[in-house]
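One structure, pasted below without further comment.
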Amino acid sequence: MKVVLIETLYTLLLLSLLMGCSNDEQHKSSGENTSNKQESEPEAATTMPMEEPEVIADNLKVPWSIEKFENTFFVTERPGNIVKINNGEMVRQQVMFDKELSTAAEAGLLGFELAPDFSESKTAYAYYTYKDNTGQFNRIVTLRLENNIWKEESLLLDHIPSGAVHHGGRLEIGPDEKLYATTGDAHQSDNAQDLDSLGGKILRMNLNGSIPEDNPYSHSYVYSYGHRNPQGMTWTPDGTMYASEHGNDANDEINKIEAGKNYGWPVIEGREEREDMVSPLFTSGENNTWAPSGIDNNGNQLYTAALRGTAVLAFDLETGKQKEVITEYGRIRDVLIEENNLFFISNNTDGRGTPQGNDDKLYKILLTP
């Protein structure tokens, strides 16, 4: 009897140890990312999408930027159109550019921002890539809407570097009522550290295209530098600015942006540090990539579109936690948050994704506490 009892206890102990090892291995192989401030990735932010997304519009052609005015959406398409979406009705509006739109990789009609007085002026700001007999460049212009046609009206800034890739392209009006633009290094990494180059920067200008007197560098549009290919900007309610940036294969970044600061590329990237350069708040690390694009916020949460990450990512500024909150819709190019509604566009028709039926699409999902 004693022998049987001892064998039974031994068997139970062995099973317990085996189950503990199995659970530990499962935890270690979860595959979560890490930020530069923590060794392992905690779980998600405090707000989470709680339902399946609603499709607002489909059959978009390589969409890039979302803007919303009252109940109307405007979505730029890289081939050169702006799609107006209202109450389920889509109108693809032509854009008449002064220069020939470039069809290079990642190029075309990119950033788009409605003017604060859009209801009266019918004016918007746009960032696009063009080519002429002097080369290929990016420029920032104003567009005016007349009879469902957008016409280039005035040139604000020209000859922003453009190469085979890395055009940047995001436009946003900040809480200071200045126009900000992200520019890529045009695949020439030295541009990012050159304060005389407009490439690899975040630029800041008055709405008429002039240089603000309080910019960090005299007579310069440069607001921050040392960027590789930033494609998203947002400001939290306290006025703090954040930007998303593509790393070199990996080491993608979410940065807190401050005037005049150097964000390191190509000298440092990811978790690397240097005294006179800024390291990111979050990074995908050396073994993972997000390819982050558009970014917006909901309180202390940053929501970022991820192209190669094929997700919407949430970053909690209070806890340092990060997590995928929307997946299974392919490459995501831009996000927009309004009254706890998260809108996002897929980007599967850009030649690098796998299009699903009627791609690309504009989606809506409710964010709840």
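The values are calculated or read from the model by the stated rules, or taken from the named source; none is laboratory data. From a predicted model like this one, the values you see are computed outputs, not experimental measurements. Ideal geometry is used to build each Cβ from the backbone, glycine not excepted, and the neighbour counts take in all protein chains shown.
Can you tell me which residues in segment 331-369 are of a type in the set (D, E, K, R) and within 21 Å of Glu70 (Cβ to Cβ)? Before the answer, list the steps.
Within segment 331-369, the first condition is being of a type in the set (D, E, K, R), and the residues that meet it are 331, 333-334, 338-339, 350, 352, 359-361, 364.
Within segment 331-369, Asp334, Glu338, Glu339, Lys364 qualify.
Mind checking whether some residue in segment 104-121 is outside any strand (DSSP E or B), closer than 16 Å to Gly199 by Cβ and in contact with a strand residue (DSSP E or B) (Cβ under 6 Å, 6 or more places away or on another chain)?
Pass one, segment 104-121, residues outside any strand (DSSP E or B): 104-108, 115-121.
Then drop every residue that is not closer than 16 Å to Gly199 by Cβ, which leaves 104, 106-107.
Then keep just the ones that are in contact with a strand residue (DSSP E or B) (Cβ under 6 Å, 6 or more places away or on another chain); that gives 107.
The answer is yes; a qualifying residue exists.
Continuing with this model, one more query. State which residue is nearest to the chain's Cα centre (by Cα) when the search covers only segment 337-369 and only residues that are under 24 Å from Thr283 (Cβ atoms) and hydrophobic (A, V, I, L, M, F, W, C).
The residue in question is Phe344.
Would you point out the residue of segment 119-153, among those that are small (Gly, Ala, Ser) and surrounded by 15 or more Cβ atoms within 10 Å (Cβ to Cβ), that is farthest from Leu171 (Cα to Cα)?
Here the residue is Ala124.
Return the pair list, or none, for Cβ contacts closer than 7 Å from residues in segment 150-169 that are small (Gly, Ala, Ser) to residues that are modelled with pLDDT under 95 and surrounded by fewer than 17 Cβ atoms within 10 Å (Cβ to Cβ), at least 6 apart or on different chains.
What qualifies is Ala164/Ala104; Ala164/Ala105.
Which residues, taken from segment 245-255, are surrounded by fewer than 17 Cβ atoms within 10 Å (Cβ to Cβ) and of a type in the set (Asp, Glu)?
Asp249
Being surrounded by fewer than 20 Cβ atoms within 10 Å (Cβ to Cβ) and not hydrophobic (A, V, I, L, M, F, W, C) is the filter here; which residues of segment 164-187 pass it? Spell out the reasoning first.
Residues of segment 164-187 surrounded by fewer than 20 Cβ atoms within 10 Å (Cβ to Cβ): 164-165, 173-178, 187.
Matches in segment 164-187: Gly174, Pro175, Asp176, Glu177, Lys178, His187.
Just one of (1) under 22 Å from the mean Cα position of the chain (by Cα); (2) free of Cβ contacts under 8 Å to residues at least 40 places away in the same chain; (3) over 18 Å from Lys151 (Cβ atoms) trips up Val83, so point out which.
(3)
Taking strands (runs of 3 or more DSSP E) that do not extend beyond segment 129-202, which have at least 3 residues that are of a type in the set (A, V, I, L, M)?
Values: elements: 135-146, 149-161, 171-173, 179-183.
The qualifying strands (runs of 3 or more DSSP E) are 135-146, 149-161.
Can you tell me which residues in segment 244-255 are assigned to a loop (DSSP other than H, G, I, E, B) and of a type in the set (A, V, I, L, M)?
Going residue by residue through segment 244-255, those that are assigned to a loop (DSSP other than H, G, I, E, B) are 246-252.
Passing the criteria: only Ala250.
Is it the case, given these coordinates, that Arg92 is among the basic types (Lys, Arg), buried (at least 22 other Cβ atoms within 10 Å of the Cβ) and modelled with pLDDT of 95 or more?
Numbers: among the basic types (Lys, Arg): yes; buried (at least 22 other Cβ atoms within 10 Å of the Cβ): no; modelled with pLDDT of 95 or more: yes.
Here the answer is no, as Arg92 does not meet what is asked.
If you don't mind, another one. If you scan segment 103-112, which residues turn out to be touching a residue at least 40 places away in the same chain (Cβ under 8 Å) and surrounded by fewer than 21 Cβ atoms within 10 Å (Cβ to Cβ)? Talk me through it step by step, then tell me what you get.
Start the filter on segment 103-112 by keeping residues that are touching a residue at least 40 places away in the same chain (Cβ under 8 Å), which leaves 104-112.
Across segment 103-112, the qualifying residues are Ala104, Ala105.
Quick check on segment 89-101. Is at least one of its residues among the hydrophobic types (A, V, I, L, M, F, W, C) and outside any strand (DSSP E or B)? Quick ask: steps written out before the conclusion?
Taking segment 89-101 first, the residues among the hydrophobic types (A, V, I, L, M, F, W, C) are 90-91, 95-97, 101.
Within this subset, residues satisfying the condition of being outside any strand (DSSP E or B) are 97.
Yes, segment 89-101 contains at least one residue that is among the hydrophobic types (A, V, I, L, M, F, W, C) and outside any strand (DSSP E or B).
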